[in-house]
1. Of everything in the stretch A:217-246 that's more than 16 Å from A:V162 (Cβ to Cβ) and of a type in the set (A, V, I, L, M, F, W, C), which residue is surrounded by the fewest Cβ atoms within 10 Å (Cβ to Cβ)?
2. Go through the stretch B:266-290 and count every residue that is buried (at least 19 other Cβ atoms within 10 Å of the Cβ) and either within 8 Å of chain A (Cβ to nearest Cβ) or acidic (D, E) (or both).
3. Quick check, is B:A293 aliphatic (A, V, I, L, M), in a helix (DSSP H, G or I), in contact (Cβ under 8 Å) with a residue 60 or more places away in the chain and more than 9 Å from chain A (Cβ to nearest Cβ)?
4. For the stretch B:151-206, name all the residues that are more than 30 Å from the chain's Cα centre (by Cα) and either acidic (D, E) or within 22 Å of B:L129 (Cα to Cα) (or both).
5. Is it true that B:L228 is exposed (fewer than 15 other Cβ atoms within 10 Å of the Cβ), assigned to a helix (DSSP H, G or I) and of a type outside the set (S, T, Y)?
6. Being among the aliphatic types (A, V, I, L, M), out of contact with any Phe, Trp or Tyr (no Cβ under 6 Å at 6 or more places or on another chain) and within 11 Å of another protein chain (Cβ to nearest Cβ) is the filter; apply it to the stretch B:39-69 and report the residue that is nearest to A:V149 (Cα to Cα).
7. Please state which of the following conditions B:F276 fails to meet, knowing it meets all the rest: (1) over 18 Å from the mean Cα position of the chain (by Cα); (2) in contact (Cβ under 8 Å) with a residue 24 or more places away in the chain; (3) more than 30 Å from B:T224 (Cα to Cα).
8. Which ones in the stretch A:169-187 are out of contact with any Gly (no Cβ under 9 Å at 6 or more places or on another chain), within 11 Å of chain B (Cβ to nearest Cβ) and in contact (Cβ under 8 Å) with a residue 12 or more places away in the chain?
Amino acid sequence: MSSAVSTRSAAAVRTRTPATRSRRRPRHAVAHVVLGVGGFLMAFPFLWQIIMSLSTNSQVRSVVPTFWPGTLQWHNYVDVFAQLPFLPQLGVSVTITVIRTVAQIVLCTLAGYAFARMRFRGRNLLLGLVLSILLVPSQVYLLSQYQIVQSLGWLNTIPGIVAPGLFSAFGTFLMRTAFMNLPNELEEAARIDGANPWQIFTRVMMPLVRSNISVLAITTVLFSWNELLWPLVVTTYANLQPLAAGLATLSGSVTVDYPIIMAASLMATAPVLIAFILLQRRVIDGIASSGLK
Amino acid sequence: MSGFQRAVPRAAGRPATRRGGSGVHTDGWWPVLFVAPLLIGVAAFYLWPIVQTFWFSFTTFGVFGGQTFSGVANYVALVQDPEFYTSLGNTLIYTAIVLLGVPLAVWLAALLNTPGLRFASFYRVLFFLPYIAMPTAVALVWRLIFNGDYGVLNWFLSLVGLPGPYWVSTPGFAILAVSIVGLWSSLGFSMIVLAAGLKAIPPELYEAAELDGASPARRFRSVTVPLLTPTIFFVTVVTVISSFQLFDLLYAIMGPRNPAMPSSMSLVFYFFQAGFVDNQQGFAAAIAMAIFALIGLVTLVQFRLQRRWVADV
């Protein structure tokens, strides 16, 4: 009797555990199905780009899509360098991104610190002027920037492409906020020890905003690597364009085969995508906190 | 004034090496050294250009250089130009479609925020990839996906019995195609910002709602959405501003010489064409001013309407 009861209750216990789990599981199942399907749709163009970059041109142009090209055409990636000015464009992209990122870190951190921590006449007015740029869409200064760069003889040069992007109101705002959130005592202590403002800035304050500087670096790299309109305006020779502008001029081109274009565009986005996957937490938190768009 | 008061103990605690340390100049010339490099660049490449473009918009540029004052002629020409209304209409269509992503992103962010959800960071990465990727590079893949003859989208549509159009070269469909890509690329951004907003909602509210017997759907409607309205508002404003500046995706998906471009272009493409292709800088400056005014107006209206639906948190 008792053994029968105990087995029955054991069975009841055993059936209850899966029951509770299955009650919880459907809720998560909805999340997994929706996010899984959505995530697949998000990733599909990248997967398609990879598949197409490894196909032959006739496979790309077949009416029934080739979801898996039998033999992978790795040579498409080599052909990119022969058929397109990919290497010089990559050089331009890397150069302008490095220059802008370093310049923005230096200039925005300096100015952000002064606006947050120093007292000087006209501070609020100057800060207001810098931040007012954030309200103005880029088209409003583009024409005039072009004329300035043209009159300096900088069309089709690296200085011409990087010049306006060295200075960032957004970055200044970001760094000012970072410095404002630091406590006052550190500066006071350093000052009593006889440090001058430059020493306080470089040795005490800069190290404390390292994570904010990395947010600034991430947003600058993204903007610089992906930007199209300005480089398109100031460069006319394909060899002097960054990848974003160089690839854009391929749109509608009939002289280059699709697999080559896919391989080139994949290689152009890959550095940023790989960096993102490696640094995902930092990138996502940084962009979410800064609200950059 | 508080600046002055705080300067006193500071000056006292420091050796009297600094000259002229009185009044507002508590940090001497240091602020100039810190601020000047940025300010010079900002003045030369941003502030002055804004003033100059405003001036340009009242001038006509000669074919061989030089410019003459022409009053409001550019603005008169602008409001009479049918292309202005076409590009404004396309920009509004694009903005409306991309905005459909905001409610979608609220839902997806709430799902992503499910406590104890496995693979959450993997999903986050998937949804964020399109936002990070170079717009011109992804545009080239989308162009292939949208291809009328051998694109995978039309093949898929044919499976369900729908005839697929020549997306990228048919007026009407072209802006729709670009809008789909715009929605795809901005969804991750909205989701991430909204997910950050969700994290800020106190879990006690959910517990209280659960105790009161609220279903998950009810909790989403009565707790999540109302408390998230400030973030939803922020995302909406930012999405509208960036959608009004549609250029990269349109340019790279359609190609500048696409015959469907005149009927599919955005305001910024219209500006780009006038200023840098047709060399009508004065007219282009007027377009830029119009874009500025329109974005300002739309944003102002949104802030005005904010009171009606955004909760004070």
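The values are calculated or read from the model by the stated rules, or taken from the named source; none is laboratory data. None of these values were measured; they are calculated from a predicted model. Positions of Cβ are backbone-derived with ideal geometry, glycine not excepted, and every protein chain shown enters the neighbour counts.
1. The extreme case among them is A:A238.
2. In the first step, residues of the stretch B:266-290 are kept if they are buried (at least 19 other Cβ atoms within 10 Å of the Cβ); the result is B:266-275, B:281-290.
Filter again for either within 8 Å of chain A (Cβ to nearest Cβ) or acidic (D, E) (or both), leaving B:268, B:271-272, B:275, B:281, B:284-285, B:287-289.
Qualifying residue count for the region: 10.
3. Numbers: aliphatic (A, V, I, L, M): yes; in a helix (DSSP H, G or I): yes; in contact (Cβ under 8 Å) with a residue 60 or more places away in the chain: no; more than 9 Å from chain A (Cβ to nearest Cβ): yes.
The answer is no for B:A293.
4. B:E204, the sole residue that qualifies.
5. Working: exposed (fewer than 15 other Cβ atoms within 10 Å of the Cβ): no; assigned to a helix (DSSP H, G or I): yes; of a type outside the set (S, T, Y): yes.
Judged against the criteria, B:L228 is not a match.
6. First, the residues of the stretch B:39-69 that are among the aliphatic types (A, V, I, L, M): B:39-40, B:42-44, B:47, B:50-51, B:63.
In the following step, the residues that additionally are out of contact with any Phe, Trp or Tyr (no Cβ under 6 Å at 6 or more places or on another chain) were identified as B:39-40, B:43-44, B:47, B:51, B:63.
With the extra rule that they be within 11 Å of another protein chain (Cβ to nearest Cβ), the set shrinks to B:39-40, B:43-44, B:47, B:51.
Details: B:L39: 18, B:I40: 15, B:A43: 14, B:A44: 11, B:L47: 15, B:V51: 17 Å.
Top of the filtered list is B:A44.
7. Status for B:F276: all satisfied but (2).
8. Within the stretch A:169-187, A:A169, A:E187 meet the criteria.
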